[in-house]
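Encoded as structure tokens, the structure appears first; notes follow it.
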Amino acid sequence: MASQIEQQVMRRLGSAEIRYTKGRRLLVQALLEADGPRSAGDLYRELKEEVPLSSIYRSLNTLSGLGILVPHHGPGGNNRFELSDWLMGHHHHLICKSCGTVDDIRLPGQTESIIEGLVGSATADKGFKASDHSFEIYGTCGDCLAEGRNEGL
């Protein structure tokens, strides 16, 4: 039985008259189980027995174009993808500049309100109305610090 999130993905694809193929389903399931955004290479290593790399790239493009996935442009031009906030809830990221790990973080409501206020202040004088925001913190993860790696800082 498909999860509620997968049902929402099916509806979005159906409204665009695009099939929810086995490859797309496996990709969505892999991203559902991930603890942060994943690159095409990450997804291929996980799904290569079932989904060819060319299909992963096509699916990432299709799902991003429909707003199901959000691409994050990481260090070194390595794009990572995750399910959109409308599916998973609003969150932010911790990004390790040493190993490239991206971890999701959720901020308390009061902190999120402060960030929204900062976004409003930063955009108001330009007559710009922000529809969304992301907050990404770059640094070194605990594993890299424990191993003495502190690259990229």
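Each reported figure results from applying straightforward, stated rules to the coordinates on display, with no laboratory input. This is a predicted model, so every value here is computed, not measured. A quick note on method: Cβ atoms are made from the backbone with ideal geometry, for glycine too, and the neighbour counts reach across all protein chains shown.
The table below lists the values:
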quantity	calculated
Modelled FRET efficiency - R0 35 Å, SER64 with ALA124, Cβ distances, 0.05 increments	0.75
About the Cα centre, charge dipole magnitude for segment 58-122 (Lys/Arg +1, Asp/Glu -1 at Cβ), debye	260
Computed FRET value (nearest 0.05) for GLN110 with SER3, which takes r as the C-beta separation and R₀ as 25 Å	0.25
Spin-label model distance (nm) - ILE18 vs ASN78, 7 Å beyond Cα toward Cβ	2.5
Zero-based 5 Å bins, Cα pair distances in the chain, whole percents	2, 8, 16, 17, 18, 15, 12, 7, 3, 1, 0
Highest-first arrangement of 39-50, 124-135, 108-119, where packing means the average Cβ count within 10 Å	39-50, 108-119, 124-135
Charge dipole (debye, nearest 20) of the chain; +1 at Cβ of Lys and Arg, -1 at Cβ of Asp and Glu	620
